[in-house]
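Presented below is the structure to which this report refers.
Each value in this text was obtained by applying a stated rule to the coordinates, not by laboratory testing. As the structure is a computational prediction, the values presented were derived from the model and not from experiment. In this analysis, Cβ positions are derived from the backbone assuming ideal geometry, glycine residues included, and neighbour counts consider all displayed protein chains.
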């Protein structure tokens, strides 16, 4: 469960990083 | 090419693909650090230190820094987890990691790779009399949205592979006069340069 929540958090941060790079 | 290899590998060995992706991210971080002179090519630094260093110099934006840290944590958890991790979770992380790799490649830094490690260079436009000491190395310059190639003189014993990342170093104590080459793609004779310093970059 902890890993799954970490993966979800990672997905959100990477999406923010992607928007930031545009 | 790196992304294709990771995707191919994921079809049969998702965990190995995840490790490969992690190595690729670390390698590209190092290339960015060397390309921006944050790190010397022969200097060692842990990925975590590199991320901190590049964040402090504002080379990496904040969410990219956070993503890289979180990716490493997730990767470590997957590798060290005692229970078996489902393939679907690994695929999800792979997908996110590839997205992160593409984001990292958007960092506005010029990166140089070897496009052709060495072709004969001639003293005449008919390409008959070859330079004995040097060959031509074709470098590929990329930064987000732009790309170009350029040929430079390099010693014949310098051994690179196509795709190697290299540093931006020239030695102007050695300058080479006008030269021509036969373009390996079009097979046409072209002028290489009118007078340039010798390329002495090293592999990153």
task: Quick one: order B:121, B:51, B:85 by neighbouring beta-carbon count within 10 Å, fewest to most.
output: B:85, B:51, B:121
For the stretch B:140-204: relative contact order, % (alpha-carbon pairs under 8 angstrom, 6 or more apart): 37
- prompt: Stretched out fully, how many nm does the piece from residue B:141 to residue B:127 gain, at 0.36 nm a residue minus the Cα gap?
  reply: 2.4 nm
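Let's test the formula: R0 of 22 Å, r as the Cβ-Cβ distance of residue B:168 and residue B:2. What FRET efficiency results, to the nearest 0.05?
Computed FRET efficiency for residue B:168 and residue B:2 comes out at 0.55.
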- prompt: For residue B:91 and residue B:190, FRET efficiency with R0 = 41 Å and r from the beta-carbon atoms, rounded to 0.05?
  reply: 0.35
Cα long-axis angle, helix B:14-35 against chain B (0 to 90 degrees, to the nearest 10): 50
- line: Taking the protein assembly as shown and counting helices only, DSSP H stretches of n ≥ 4 at -39,500 (n - 2.57) each over all residues, the nearest-500 ellipticity at 222 nm comes to -15000 deg cm²/dmol
query: Roughly how crowded by other chains is peptide B:59-66, in terms of the mean Cβ count from those chains within 10 Å of each of its Cβ atoms?
result: 5
- prompt: Top mean-square fluctuation among B:167, B:194, B:186, Gaussian network model of chain B, C-alpha springs under 10 Å?
  reply: B:186
query: Hey, what did the stretch B:124-167 get for relative contact order, percent, Cα under 8 Å, at least 6 apart?
result: 32
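Let me confirm one metric for peptide B:101-111, namely the mean number of other chain beta-carbon atoms within 10 Å of its residues' beta-carbons.
Per residue, the average neighbour count from other chains is 2.
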message: Just checking the output field for A:2-9: average partner chain Cβ neighbours within 10 Å of each residue's Cβ?
response: 5
message: Taking the 0 to 90 degree range and rounding to the nearest ten, how far is the long axis of helix B:47-56 tilted relative to the main principal axis of chain B, both from C-alpha atoms?
response: 80
statement: Note on the stretch B:1-159: alpha-carbon gyration tensor, axes a ≥ b ≥ c; rule is a/c under 1.5 for rounded, else prolate if a/b larger than b/c, else oblate; result prolate
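If you average the sequence gap of Cα pairs under 8 Å that are 6 or more apart and divide by the length of chain B, what percent do you get for the contact order? Please report the intermediate quantities before stating the final value.
Numbers: 315 pairs, mean separation 36.4, N = 204.
Relative contact order of chain B: 18 percent.
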